[in-house]
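To start, the structure itself, in structure tokens.
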Amino acid sequence: MRLKSFTAAALAAATALAAPAAADSGQVRLYNWSGYIDPDTLADFQDTTGSTIVLDTYGDADEAEARLIARGTGYDLAIVTSETVGRLAEAGAIRAFSLSGIPNAASLDHQLMQLFLASVPQAEGYAVPYLWGTTGIAYDRSAVLERLPEAPFDSWALVFDPGNASKLADCGISIVNSVEEVVAAALAYLGLDPQSQSEQDLDAAFAVLSGIAPYVRSFDSYQYDALLGGEVCLAVAWSTEGLAPLLEEGSNRYQYVMPREGTNLWADLFVLPSDGSNPEASSRLVDHVLQPSEMARATLFTNATSSVPSSRAEISDPSYDIPALTLPPEVRDRLYFVKPRSGSEKRELDRRWRLLQIGL
């Protein structure tokens, strides 16, 4: 998931598709989050294979889901979120992979993949993981301690307790604009199953969110600049955004935590749109990206967890040897995936989310 709002060079490198292009056996039309793949990775693939990559980008998972379900996109390959891939498979918007064309898939982190498939069984055979990440809390330590000397840094209570949120309101709270992930976090905070879809539990989660909404400055997916610029001191954020200030500043000022009550694990996955015309070249691109050297490059470029564990040996910077990126066993024990919802269930969540944001 996920846009790093400061990767302007990557945004400039994107070439938009104004309309579906004619099929070309040497061309791969890729649909991806903005700024979410190193341009050198694509250039190396083109140099090695002679294929051409045409890149189109999006900034919102709902936008990508709607376009792929509508068909007629002309995309050969797409990177989509773990929350949407089940609905895409059930809608017939994606086709199955032939893993024989992706030998590097043998090096994937199978433990994380099995954890994902246990929650999203519809994705089996239809998705190959690109990157993993979490949805946790990023904060400016000094600003938070100034207002909350006994701040519960390892708990969702830091933001979901109205007493804490009210004291942090003046320095700014931002919450990622992703209803499924935020509702799951509120359920975990309450000690409920974060994968619950019962109306009673959802009501309880929205009651928590309504209680802190008056103290939230923004519901935003691009929080890196806001944290570094001092516009907010705390953000419920994707790890790609939340880790960036910590990794770039190299100080203890910024922190990113995965709360002890449970933290959402997400994946961004390669899928083959059902109306794509070049699955063979697309599989070659996936195989190229899954090389350990390329996956190390992906981690450094995005601040996400590589889907190929052996790629860690390719990263010499010790700053990247942290639990939020390596996801050791003691962290994995408290991770969960958002359970897929039907289209109608997602629309109802979206409706309640919009009402929450406008104070109704």
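Computed values, structure above
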item	result
Charge sum, other residues only, whose C-beta stays under 11 Å from Leu272's C-beta, Lys/Arg counted +1 and Asp/Glu -1	-2
Charge dipole (region 209-255, unit charges on Cβ, about Cα centre) - positive-most of Gly230, Leu209, Phe219	Leu209
Binned Cα-Cα distances of the chain, short to long, each 20 Å bin given as a whole percent	31, 59, 11, 0
Calculated [θ] (222 nm, deg cm²/dmol) that DSSP helices of n ≥ 4 give over the chain, each run adding -39,500 (n - 2.57)	-11500 deg cm²/dmol
Separation in nanometres of the label points that stand 7 Å from Cα toward Cβ, at Ser166 and Ser316	5.3 nm
More than 20 Å apart - percent of Cα-Cα pairs taken over region 92-166	54 percent
Using θ = phi - 60° and Karplus 6.51 cos²θ - 1.76 cosθ + 1.60, couplings along region 102-115 (whole Hz; Gly, Pro as x)	10, x, 5, 5, 5, 9, 5, 6, 6, 5, 5, 5, 5, 4
Beta bridges by DSSP in the chain, antiparallel share as percent, to the nearest 5	60 percent
Gln195 paired with Ser142, simple spin-label distance in nm, labels 7 Å along Cα-to-beta-carbon	4.3 nm
Within region 290-325, backbone nitrogen closer than 15 Å to the virtual label 7 Å beyond the Cα of Glu248 toward Cβ	300-304
Principal axis dimensions, region 213-268 - Cα atoms, whole angstrom, descending	31, 27, 23
Residue-span extension gain [Glu63 to Ala204] - 0.36 nm each, minus C-alpha spacing	47.9 nm
Spin-label pair Asp333/Thr48, simplified geometry with 7 Å Cα→Cβ offset, distance in nm	3.8 nm
Whole-Å distance, taken between Cα centres, linking region 251-326 and region 122-173	21 Å
Most fluctuating residue given options Ala281, Ala188, Ala151, as computed from a GNM of the chain linking Cα atoms under 10 Å	Ala151
Packing-based order for 208-219, 224-235, using average beta carbon neighbours within 10 Å, highest first	224-235, 208-219
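No lab work stands behind these numbers, since they all come straight from the coordinates. All figures in this text were calculated on a predicted structure; none of them were measured in a lab. Cβ coordinates were reconstructed from backbone atoms using ideal geometry, including for glycine residues, and neighbour counts include every protein chain displayed.
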